[in-house]
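What follows is calculated from the coordinates using simple rules that are stated; it is not laboratory data. The model shown is predicted, which means the values in this text are computed figures rather than measured ones. All Cβ positions, glycine included, derive from the backbone under ideal geometry; neighbour counts span all protein chains shown.
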Amino acid sequence: MCGIAGLFRFGEGPPPDEPTLRRMADTLFHRGPDGDGYSVRGPIGLAHRRLAIIDLSGGRQPMGNEDGSIEVTFNGEIYNFESLRERLLAKGHVFRTRSDTEVIVHLYEEEGDRVAEHLRGEFAFAIADHKRRRMLLARDRLGVKPLYYALDHRRLVFGSEAKAVLAEGSTPRRVDSSALLDYLAFRYVPSPRTIYPGMRKLPPAHTLVVESDGRATERRYWDLKFEPEPDVSVETWCERLRDAIAEAVKIQMVADVPVGGFLSGGVDSSTVISYMAEASAHPVVACSIGFSEGAYDERQYARTVAKHVGVDLREFLVEPQALDVVRKLAWHYDEPFGDSSSVPTYYVSKMAREHVTVALSGDGGDETFAGYRRYKFEAAEDRVRRMLPAGLRAVLCGALGRIYPKADWLPRPLRAKTTLLNLAERDPSRSWYRSVGSMAGFDRASLLRQETIDDAGGHDPADLISEAFRTAGTTDAVSRAQSCDYRTYLPEDILVKADRAAMACSLEVRVPLLDHVLLELAAKIPSDLKLHGGEGKWIFKKAMEPRLPHDILWRKKQGFAVPVREWLRADLREYAESLLFSKDARLSDWFEMRTVRSLWDEHQAGTRDASDLLWLLMSFEGFAQQHLVEHAAPRPTPEPVR
């Protein structure tokens, strides 16, 4: 992967200059340590940091067509570039490299603003059309690769990460209070909003065309349609899935550098590793991480899979003493990011980078095949909603839900408060929000300063889920929930976590289970074959039975959990308390510190598990210290590559 940045000046303002572009690109050094490139032509300036993967000797960017009238700066991989190249050669286009980047340039000449629709891969790019004095920005269908931008009547500034946009100098480093509410609800700031009021993220599967007068047109070019084919046999679905996954893994192993994979011992990563082992002529390096806390450690399953499929397994133990990385991750994530599994993701990426330049992961399997437990609950709640009239549910379940204690310490089957409140809802999107929102029911008045609440102006994070449900295009409960995750949790949490943690180590991560051809096939499978008899990913597991051990496929799902609760009461306690309550802490600008202190004391006393909320606050404080300053944040020392 690479880092891209650029600047488009409008009107009579000064043209872009190379020192500004270099300053922007320097913030992306970790994304592309193998070289840089710059182009300034009139009102448009492009910058690029390269991580060489294909055509190591060529492929320098920004890259143009024969006369230089079209230029591109590109981050990602195009997996169908060879077939596109043959088609473009037949039309008379002249190629000077073997890179996938050059395909984008000539494809734009043929297809114009619809160029992204023809690409199979993960990408974010900007095309400068110098003759027409316009720019096209595009992002891949699922949002694997990021793209930030700031746009006003004077200029368009863009970059792979927010820090590149900030480095241009005209975007204020302030907090959008509405985005802060979103962060507290979801653990991330969902696109198109960012934590900065003057900056946006281009949503997945969108293009943005900007003209020389500042006019901008944003367009969605792809959407996943859930259109089940009910008359297909289980055996046929299994065969189709095996073929599609095999193809997706094979095309994503194409590279001119070493390729390995992540292996947790779960169904998704085990599937990807098994197909990698089959497609490779050499032993595949597989990387796994674990914890000393046994309840969180899955390395035994990774060892079983590695032995079964014949890969070279490398392991790393994540200890809380190693969590000085929290500050480093705050710099890399740019925005507050509250998913604590970013820590082990960083360490498995760091370990992988010692052996390979590209790693394939199993991300996306739970969303594609309904693997999360919340899909099971949503299906069950939907059945009850259909049986009981809305009025009766609102009165009966609502009353019970309000008096039922929120007892997180009880066994899970007895934690009925959320279920009862969900059943009382007339709008299913509100109940889904309560299920997925990390602080869907948090007391804003006690946690946030009144100024923060007033500044948010009545913003409701639940509106994000309502819009995702409205545009899902299906009334099937499981498919609708999957569609919502494709628009929210997957691109904004899972893929952000993987991209930033891996690129912090200059490692390219690919996600074959999110190949859009595979997704379009999976969307045709009836939801009762994905969630079957209460078993998530049922059809996926059936398809993999000839390839993986039974105990790996059908064991209880563990998830990628991190022992934050235990760490905050032991090894991480001193560091966390200092971060939250030191005289230099910034939290008091937005939060009521008496409430924060109360949460801390209750967690330490063991009367409440406040680890999720405390980690959110720690992550926000780390962000504030790293990024809410007027000077550019210093780049951490690059990771050594051995």
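Miscellaneous remarks
- Computed on the Cα trace of the range 78-181, the radius of gyration divided by the Kirkwood hydrodynamic radius gives Rg/Rh = 1.05.
- Summarising the label geometry, the points placed 7 Å from Cα in the beta-carbon direction at residue 608 and residue 217 lie 5.2 nm from one another.
- Between 513, 42, 61, the Cα set farthest toward the positive side of the dipole of the chain (charges on each charged residue's Cβ, about the Cα centre) is that of 513.
- DSSP-defined beta bridges in the chain - what % are antiparallel, rounded to 5: 75
- Fraction of the pair-distance distribution of the range 180-234 above 16 Å, Cα-Cα pairs, percent: 65
- This model, with +1 at the C-beta of Lys and Arg and -1 at the C-beta of Asp and Glu, gives the range 2-220 a dipole about its Cα centre of some 540 debye.
- Placing unit charges on the Cβ atoms of the charged side chains and taking the dipole of the chain about its Cα centre, the candidate lying farthest along the positive direction among 241, 539, 453 is 453.
- For the range 229-258, there are no residues whose amide N sits under 11 Å from a probe point set 7 Å from the Cα of residue 535 along the beta carbon direction.
- Of the residues 343, 329, 371, the one whose Cα sits farthest toward the positive end of the charge dipole of the range 250-377, with +1 on the Cβ of Lys and Arg and -1 on the Cβ of Asp and Glu, is 371.
- Counting only the Cα atoms, the chain fills a convex hull of 156 Å³ per residue.
- Value of D in µm² per second that Stokes-Einstein yields for the range 182-328, Kirkwood Rh from Cα pairs, at 20 °C (1.002 mPa s): 108
- Based on Cα contacts under 8 Å between residues 6+ apart, the range 564-627 shows a relative contact order of 44 percent.
- Going from the residue with the fewest nearby Cβ atoms within 10 Å to the one with the most, 496, 326, 254 rank 254, 326, 496.
- Translational diffusion coefficient (Stokes-Einstein; Kirkwood radius from C-alpha pairs) of the range 10-127 at 10 °C, 1.306 mPa s, in µm²/s: 106
- Taking the inverse of the mean reciprocal distance over all distinct Cα pairs, the Kirkwood hydrodynamic radius of the range 564-627 comes to 11.7 Å.
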